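> Below is one structure. I have some questions about it.
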Amino acid sequence: MKKNLSKIATISAVLILIIPIVGCGNKSTTPTTAQGEKTIAVWGPFDDQDVFQPIMKDFMNQNKGYKAEYKKIDFSQYDVESLLSLAAQKGPDIWLIPNDWLGRHLDKFLPLPDGLLKKNKKDATTNEDYVKQNFVPVVADQVIKDGQVYALPMYMDTLALYYNKDIFRQKTKEIEKSSLSNQEKQRLTALWEKPTDNWTDIIEQVKGLTIKSGDNIQQAGIALGTSNNISRAEDILSLLMLQNGAQMVSPDQITATFNLPGNSQTGQTVYPAQTALDFYTSFANSSSPNYSWNGALPNSFDYFTQGKVAMMIDYGYRTNEIQQKAPTLNFKTQALPQIKGASQPIDYPYYLVAGVTKSSSNQELAWQLVKDLTTGSANSSYLSASQRLSAKKPQEEVPMAKRSESSNPFKFQGATAKTWYKGRYPQEVDMVMGKMIDRVTVEKMAVNTAVEEAAQKITELLRKGND
């Protein structure tokens, strides 16, 4: 996906400026079938037809004279093809987009009709209240604008730590065979049983699990440090910045502020984004004791499935992909490591939201389907078929000290997930985040200079189209 991202982002940037906003008195004609049925079109980038087939069938049984269709478009073409179709008034009635695209496409969505989410006529709950009461907090932060709700979440996914159990087990065997005292063996065996819950101790584990010959990595302790061959590197870096306390953008959302200093608990001036970038890139720095990765290695996901990586960070959907690609790989997932001593965890989300486009000429019925897709029986069917997890409250509540004991962190990390506003050009923002990593690892730019440069470029993107 990253190989085509630059080209896609450039085309999309042009399209978003030239495509007129559709809707409001300029509705398209609803497509009809040969039998005269009106069609409700749902478009998405990830799920196959069989996930939506029973949902569409139930919808048609309940709404005679209407046909519901789901269309999957490859993610690499999704933004461009959708924009072209919307401009031609041939786009979807219901559009599923990644959560961080909503700022880009808000003007193409209708706000939820008043009362859509009420239980009955006496229910005084507003749409905004409903979202805040029923979904994990990060959802409200992204789908509500000026008191209006523009989309609802299909599911919730988060970054987590994947680890190879056999690599950790081999380490404990080496300790057991060593000449250390029994007391020291017990201490170290406990340390190497599985990944720890904080970054400070993770570093010590990485050092012990990385096998290298000079600068050549034969077994990686963790897949971190670069942008070209780390799956979702820009998200991982964003996570680290947030965990270190960076305020990513200004309250008015037109200025990147992650480069600005803050104060530590002891009152010292700190630069959280610099701390995060320096930490992240240290794993690809051959002169750093954290060195465990480099740009010459395969993609982190591929290398992990080959059994050559002790730990990697990725989203929950990867679990099924790993099982399909490497069915014998002995791996587990664990909650994301946190800053040692932090009182509250910070996790990082990725999910699709569903909304009704302004070009839909069956807006009321489309909203009813969105409601069912995100809050009703259709959502239950979708989650079961797609093997995803709900974005609703309450997610499982796990105390900080118990997070690493759970084998399914995706059940509770959504409740503590945070993200940030990327404006109308989220793909370009992600490229800037990746380039910031390259500036340090490839071009050897000073960390503070790379952060300042990235903040300036992202500020330009946030203001682009908002002048």
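The values are calculated or read from the model by the stated rules, or taken from the named source; none is laboratory data. Every value quoted in this text rests on a predicted model; they were computed, and no experiment measured them. Neighbour counts run over all protein chains shown; Cβ positions are idealised from the backbone, glycine included.
> Determine which member of the set Lys145, Lys108 is surrounded by 22 or more Cβ atoms within 10 Å (Cβ to Cβ) and either closer than 18 Å to Lys358 by Cα or not assigned by TED's automatic domain parsing to the domain that holds Gly355 (or both). Quick ask: steps written out before the conclusion?
Details: Lys145 fails: surrounded by 22 or more Cβ atoms within 10 Å (Cβ to Cβ).
Matching residue, one of Lys145, Lys108: Lys108.
> Output the number of the condition that Lys118 fails; it satisfies all remaining conditions of (1) touching a residue at least 24 places away in the same chain (Cβ under 8 Å); (2) outside any strand (DSSP E or B); (3) out of contact with any Lys or Arg (no Cβ under 9 Å at 6 or more places or on another chain).
Here Lys118 clears every test but (1).
> Quick check on this structure: which one of Leu336, Leu329, Leu277 is among the hydrophobic types (A, V, I, L, M, F, W, C) and either free of Cβ contacts under 8 Å to residues at least 40 places away in the same chain or surrounded by fewer than 22 Cβ atoms within 10 Å (Cβ to Cβ) (or both)? Write out each step before concluding.
Values: Leu336 fails: either free of Cβ contacts under 8 Å to residues at least 40 places away in the same chain or surrounded by fewer than 22 Cβ atoms within 10 Å (Cβ to Cβ) (or both); Leu277 fails: either free of Cβ contacts under 8 Å to residues at least 40 places away in the same chain or surrounded by fewer than 22 Cβ atoms within 10 Å (Cβ to Cβ) (or both).
After ruling out the rest, the residue left standing is Leu329.
> In addition: Given the conditions (1) closer than 30 Å to Gln89 by Cα; (2) touching a residue at least 40 places away in the same chain (Cβ under 8 Å); (3) not basic (Lys, Arg), report the number of the one that Gly376 does not fulfil.
Result: Gly376 fails condition (2) only.
> Here are some residues: Asp372, Asp430. Which one is over 30 Å from Lys118 (Cα atoms) and either buried (at least 17 other Cβ atoms within 10 Å of the Cβ) or in contact with a Cys (Cβ under 6 Å, 6 or more places away or on another chain) (or both)?
Numbers: Asp372 fails: over 30 Å from Lys118 (Cα atoms).
Just one listed residue meets the conditions, Asp430.
> Also, I was wondering about something else. Among what's in the range 163-200 and is in contact (Cβ under 8 Å) with a residue 24 or more places away in the chain and among the polar types (S, T, N, Q), pick the residue that is surrounded by the fewest Cβ atoms within 10 Å (Cβ to Cβ).
Thr200
> Out of all the residues in the range 179-205, which are charged (D, E, K, R) and either under 23 Å from Asp302 (Cα atoms) or part of a helix (DSSP H, G or I) (or both)?
Quick first cut of the range 179-205, residues charged (D, E, K, R) only: 184-185, 187, 193-194, 197, 201, 204.
Glu184, Lys185, Arg187, Lys194, Asp201, Glu204 - these are the residues of the range 179-205 that are charged (D, E, K, R) and either under 23 Å from Asp302 (Cα atoms) or part of a helix (DSSP H, G or I) (or both).
> Where the second residue is part of a helix (DSSP H, G or I) and modelled with pLDDT of 95 or more and the first is under 16 Å from Leu209 (Cα atoms) and of a type in the set (A, V, I, L, M, F, W, C) and lies in the range 291-310, which pairs have Cβ atoms under 6 Å and are six or more apart or on separate chains?
So the pair list comes out as Val309/Tyr303; Ala310/Ile167; Ala310/Leu209.
> Out of all the residues in the range 342-357, which are touching a residue at least 60 places away in the same chain (Cβ under 8 Å) and farther than 20 Å from Pro45 by Cβ?
Step one: filter the range 342-357 for residues touching a residue at least 60 places away in the same chain (Cβ under 8 Å), giving 342, 344-357.
Scanning the range 342-357 gives Ala342, Gln344, Pro345, Ile346, Asp347.
> What number of residues within the range 319-350 are of a type in the set (A, V, I, L, M, F, W, C) and closer than 20 Å to Phe301 by Cα?
Looking only at the range 319-350, we keep the residues that are of a type in the set (A, V, I, L, M, F, W, C), and these are 322, 326, 329, 331, 335-336, 339, 342, 346.
Add one more test, that the residue is closer than 20 Å to Phe301 by Cα, and what stays is 322, 326, 329, 331, 335-336.
Qualifying residue count for the region: 6.
> Also, I was wondering about something else. In the range 135-161, which residue that is at pLDDT 95 or above and more than 28 Å from Leu240 (Cβ to Cβ) is nearest to the chain's Cα centre (by Cα)?
Step by step, filter the range 135-161, then rank; the result is Leu152.
> I've got another one for you. Please go through the range 217-231 and give me each residue that is closer than 15 Å to Asp430 by Cα and surrounded by fewer than 22 Cβ atoms within 10 Å (Cβ to Cβ), ordered by number. Quick ask: steps written out before the conclusion?
So the first thing to find is which residues in the range 217-231 are closer than 15 Å to Asp430 by Cα, and the list is 226-231.
Across the range 217-231, the qualifying residues are Asn228, Asn229, Ser231.
> Hey, among Met56, Met60, which residue is in contact with an Asp or Glu (Cβ under 7 Å, 6 or more places away or on another chain), in the same structural domain as Ser360 (by TED's automatic domain parsing) and in a helix (DSSP H, G or I)? Steps first, answer last, please.
Details: Met60 fails: in contact with an Asp or Glu (Cβ under 7 Å, 6 or more places away or on another chain).
Selected residue: Met56, the only one of Met56, Met60 that is in contact with an Asp or Glu (Cβ under 7 Å, 6 or more places away or on another chain), in the same structural domain as Ser360 (by TED's automatic domain parsing) and in a helix (DSSP H, G or I).
> Still on this structure, please answer the following. Which members of the range 178-203 meet the condition of being among the hydrophobic types (A, V, I, L, M, F, W, C), within 39 Å of the chain's Cα centre (by Cα) and either under 15 Å from Arg403 (Cβ atoms) or modelled with pLDDT under 95 (or both)? Break it down stepwise before answering.
Just the residues of the range 178-203 that are among the hydrophobic types (A, V, I, L, M, F, W, C), to begin with: 180, 188, 190-192, 199, 202-203.
When the remaining residues are screened for being within 39 Å of the chain's Cα centre (by Cα), the result is 188, 190-192, 199, 202-203.
Listed by number, the residues that qualify are Leu188, Ala190, Leu191, Trp192, Trp199, Ile202.
> So, one more: Might you let me know whether the range 397-410 holds any residue that is at pLDDT 95 or above, touching a Phe, Trp or Tyr at 6+ places or on another chain (Cβ under 8 Å) and crowded, with 17+ Cβ neighbours inside 10 Å?
No, the range 397-410 has no match at all.
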